Amino acid sequence: MFELPKELKEKLLEHVNYFPRKEQAVLLCLHEIQNYYGYIPWESLKPLAELLEVPLNRVEGVVTFYDMFDTQDRAKYRIRVCVSIVCHLMGSNELLKALEKILGIKPGQVTPDGKFKIVPVQCLGACSEAPVFMVNDDEYKFESEEALHEILSRYT
Ligand code: FES
């Protein structure tokens, strides 16, 4: 049976105990799990549902609703590309094309070395910087293919 590692479980309990209703911690807990593993193992949802004291299908529904959560094809670095309206108008397509060219993969795919995955997502809340992308927790404005190349080279 799948068990959450002790240190991860402790962090999840901190979130769960912070809220008046345990299930309000669901998003924070899912982020915590994703940060820990680099993705969300499907088997981790059952112990999480138990901590939150909600039915398993409630947690499964949240994971599948949000495209910020990855349940498969883990990569060391997730490149989240905002494809919402402002970023779209400001050039998220060029950003995606540049990423595909540099990394040789399509959105949703992982590079053969397991390093990068391109994940199109909805508004990242930094519209004034559009077009925006994030490499794990680091946020960037797309300026040019050369600048993008330089940014990616920092991630080893
Ligand atoms: S539309 Fe891209 S960050 Fe808001």
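Things to note:
- Of all residues in segment 61-105, those that are more than 16 Å from the ligand (Cβ to nearest atom) and free of Cβ contacts under 8 Å to residues at least 24 places away in the same chain total 7.
- Filter result (under 21 Å from LYS115 (Cβ atoms), assigned to a helix (DSSP H, G or I) and either open to solvent by 50 Å² or more (accessible area, probe 1.4 Å) or charged (D, E, K, R) (or both)) within segment 32-72: ASN35, TYR36
- Among residues of segment 124-145, those that are within 16 Å of the ligand (Cβ to nearest atom) and either assigned to a strand (DSSP E or B) or open to solvent by less than 70 Å² (accessible area, probe 1.4 Å) (or both), counted: 15
- Filter result (touching a Leu at 6+ places or on another chain (Cβ under 8 Å) and β-branched (Val, Ile, Thr)) within segment 84-104: ILE102
- Among the residues of segment 85-115, those that are open to solvent by less than 10 Å² (accessible area, probe 1.4 Å), within 18 Å of ILE151 (Cα to Cα) and not in a loop (DSSP other than H, G, I, E, B) comprise SER92, LEU95, ALA98, LEU99.
- Hey, LEU89 of a type in the set (A, V, I, L, M, F, W, C) and either touching a Pro at 6+ places or on another chain (Cβ under 9 Å) or more than 30 Å from GLU14 (Cβ to Cβ) (or both) or not: yes
The values are calculated or read from the model by the stated rules, or taken from the named source; none is laboratory data. Computed from a prediction, not measured in an experiment: that's the story for all the values here. So basically every Cβ, Gly included, is an ideal-geometry build from the backbone, and we count neighbours across all protein chains shown. Heavy atoms of the whole protein, side chains included, go into the accessibility calculation; ligands, DNA and RNA do not. Shrake-Rupley method; radii C 1.70, N 1.55, O 1.52, S 1.80 Å.
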